[in-house]
Amino acid sequence: MQSAVLLRLLQLASPSLPIGAYTYSQGLESAIDKGFVTNQQSAYEWITESLNIIGDFEAPISWRLMKAFANRDSETIKHWTECFIAARDTSEFRAETIQMGYSLGKLVTDLKIADESLQSILQNLTEIPLPTAFAYATEALGVPHEAALLGMLFSLVENQVLACVKSVPLGQVSGQSLLLSLHSVIESVAQRAQELEDDELSNWAPGLSLLSMQHETQYSRVYRS
């Protein structure tokens, strides 16, 4: 990968990207509160299972959206955007993806790195979830799709690990060890996301949905999901 492209990918996947990802735990805070995640091993198991869920739905949709933005295929973008929003089965998960998607889309537009054809496609969408905004940013920055998908998954995992470091709590060394141990899982999930057919996509995760709904009324919360 060229140095300039690598730097763009690092910026896109950085936790300092101002889209508010650090304020969400994607159900992890509820799992910690219920005692499902208590140490490094249970954190590994939780994040691995979360990645597998993402690999069956969010990641392959993101992959399709990247290809559609590259082809300026507005109908396909609209289709997968609407499918993803419709599949957010709790109010927190829906609010999370819409808020971060809006923030990332606005950031890319404000940075003036997207051409008019890309901007037009985004402006014609009623709501913008995070996978759509990420695919939009990927095309605007000229990042290869395979690398962008890995970057997206790593960013999601890093956010989960940071939540574990703060809330389980885990030590910083344990957090880095956990992150390192998840590299092979990220690679596997990214590869599967590129291979799944449309009728193989699924976001079936009733346990996670229940935890998310319980988090909405959890007495003490640090995160917004």
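The values are calculated or read from the model by the stated rules, or taken from the named source; none is laboratory data. These figures come from a predicted structure and were not determined experimentally. Every residue, glycine among them, receives a Cβ derived from its backbone with ideal geometry; neighbour counts consider all protein chains shown.
Condition test on residue 103, is it surrounded by fewer than 16 Cβ atoms within 10 Å (Cβ to Cβ) and either within 20 Å of residue 142 (Cβ to Cβ) or in contact (Cβ under 8 Å) with a residue 60 or more places away in the chain (or both)?
no
Within the stretch 148-158, does at least one residue satisfy the condition of being at pLDDT 95 or above, surrounded by 13 or more Cβ atoms within 10 Å (Cβ to Cβ) and over 20 Å from residue 21 (Cα atoms)?
No, every residue in the stretch 148-158 fails to be at pLDDT 95 or above, surrounded by 13 or more Cβ atoms within 10 Å (Cβ to Cβ) and over 20 Å from residue 21 (Cα atoms).
Any residue in the stretch 188-201 that is farther than 17 Å from residue 65 by Cα, among the polar types (S, T, N, Q) and buried (at least 18 other Cβ atoms within 10 Å of the Cβ)?
Within the stretch 188-201, none of the residues are farther than 17 Å from residue 65 by Cα, among the polar types (S, T, N, Q) and buried (at least 18 other Cβ atoms within 10 Å of the Cβ).
Inspect all residues belonging to the stretch 145-161 and state whether any of them is free of Cβ contacts under 8 Å to residues at least 40 places away in the same chain and touching a Gly at 6+ places or on another chain (Cβ under 9 Å).
Looking through the stretch 145-161, none of the residues is free of Cβ contacts under 8 Å to residues at least 40 places away in the same chain and touching a Gly at 6+ places or on another chain (Cβ under 9 Å).
Only one of 184, 202 is closer than 19 Å to residue 56 by Cα, touching a residue at least 60 places away in the same chain (Cβ under 8 Å) and either polar (S, T, N, Q) or in a helix (DSSP H, G or I) (or both). Can you tell me which?
The unique qualifying residue is 202.
Using the structure shown, decide if residue 112 is part of a helix (DSSP H, G or I) and either on the phi > 0 side of the Ramachandran plot or modelled with pLDDT of 95 or more (or both).
In short, no.
Say whether the condition of being at pLDDT 95 or above and within 24 Å of residue 80 (Cα to Cα) is met by at least one residue in the stretch 173-186.
yes
Taking the stretch 55-92, which residues are in contact with a His (Cβ under 8 Å, 6 or more places away or on another chain) and either without any contact (Cβ under 8 Å) to a residue 40 or more places away in the chain or farther than 28 Å from residue 206 by Cβ (or both)?
Initial filter on the stretch 55-92 (in contact with a His (Cβ under 8 Å, 6 or more places away or on another chain)): 63, 66-67, 70, 92.
Residues satisfying the conditions are 66, 67, 70.
Tell me, yes or no, whether the stretch 166-173 has at least one residue that is out of contact with any helix residue (DSSP H, G or I) (no Cβ under 8 Å at 6 or more places or on another chain), in contact (Cβ under 8 Å) with a residue 12 or more places away in the chain and either part of a helix (DSSP H, G or I) or hydrophobic (A, V, I, L, M, F, W, C) (or both).
yes
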